[in-house]
Amino acid sequence: MPGVRRALWLPLAAILALALPATASACSCAKLPEAKRFQAADGAFTGTLVSRRALDPKPGAPESSGDPFVHRYRVERRYKGRLFRTVWVRTVRGEETCGLPTRPRVALYLDRVKGHWESALCDVTTRSAMRRAARGARAVAASACTT
């Protein structure tokens with residue numbers, strides 16, 4: 001009898017999984033080739049999250065996932081841009097509004113805006129993808145110099 005019950009529950013579970021809405025997220029990223037992402041970025045690095053804090057906290061104000069935040073990273077490897085050992089990156093508080101993740105290690109593309117580094121969830125990549133994109137950019141630059 002347990003096999004019959006399981007056979008009845010599996011189709012019902014599949015129908016429910018399809019019918020129930022997925023978790024909502026306001027962040028949607030365009031899927032661009034890694035080489036284009038690398039080329040468009042002002043900076044690129046792999047590193048470790050050291051700290052994060054609200055950029056301009058307002059005492060008594062309600063918190064929002066879109067509040068300005070700043071993450072401090074220890075740079076392990078610089079691939080592009082003028083970066084020091086520690087880099088401060090502006091973002092927003094929550095991943096649901098495209099803020100940077102709070103996981104400890106990241107590979108991140110950066111934009112330089114009014115003298116500050118900025119980034120978002122869509123600018124996160126993998127270490128291996130960033131390494132390949134950097135190699136490709138170097139190869140293109142080297143071939144341009146020889147022609």
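The values are calculated or read from the model by the stated rules, or taken from the named source; none is laboratory data. All figures in this text were calculated on a predicted structure; none of them were measured in a lab. Because the Cβ atoms are built from the backbone with ideal geometry, glycine has one as well, and the counts that use them run over all protein chains shown.
Screening the range 51-130 for strands (runs of 3 or more DSSP E) wholly inside it with 1 or more residues that are in contact with a Cys (Cβ under 8 Å, 6 or more places away or on another chain) and more than 15 Å from residue 38 (Cβ to Cβ) returns the ranges 86-92.
The set of residues in the range 88-135 that are farther than 17 Å from residue 54 by Cβ and among the charged types (D, E, K, R) comprises 103, 105, 111, 112, 114, 123, 127, 131, 132, 135. Sub-7 Å Cβ pairs linking a first residue in the range 60-86 that is farther than 17 Å from residue 102 by Cα to a second residue that is assigned to a loop (DSSP other than H, G, I, E, B) and of a type in the set (A, V, I, L, M), at least 6 apart or interchain, are 80/41, ordered by first then second residue.
For beta carbons closer than 7 Å, sequence separation of 6+ or different chains, a first residue in the range 121-147 that is at pLDDT 90 or above and a second that is among the β-branched types (Val, Ile, Thr), the qualifying pairs are 124/106; 127/46; 130/46. Scanning the range 75-108 for residues that are in contact with a strand residue (DSSP E or B) (Cβ under 8 Å, 6 or more places away or on another chain), more than 28 Å from residue 139 (Cβ to Cβ), charged (D, E, K, R) and surrounded by 14 or more Cβ atoms within 10 Å (Cβ to Cβ) turns up 90, 93.
Only a single criterion out of (1) surrounded by 14 or more Cβ atoms within 10 Å (Cβ to Cβ); (2) within 16 Å of the chain's Cα centre (by Cα) is not satisfied by residue 28, namely (1).
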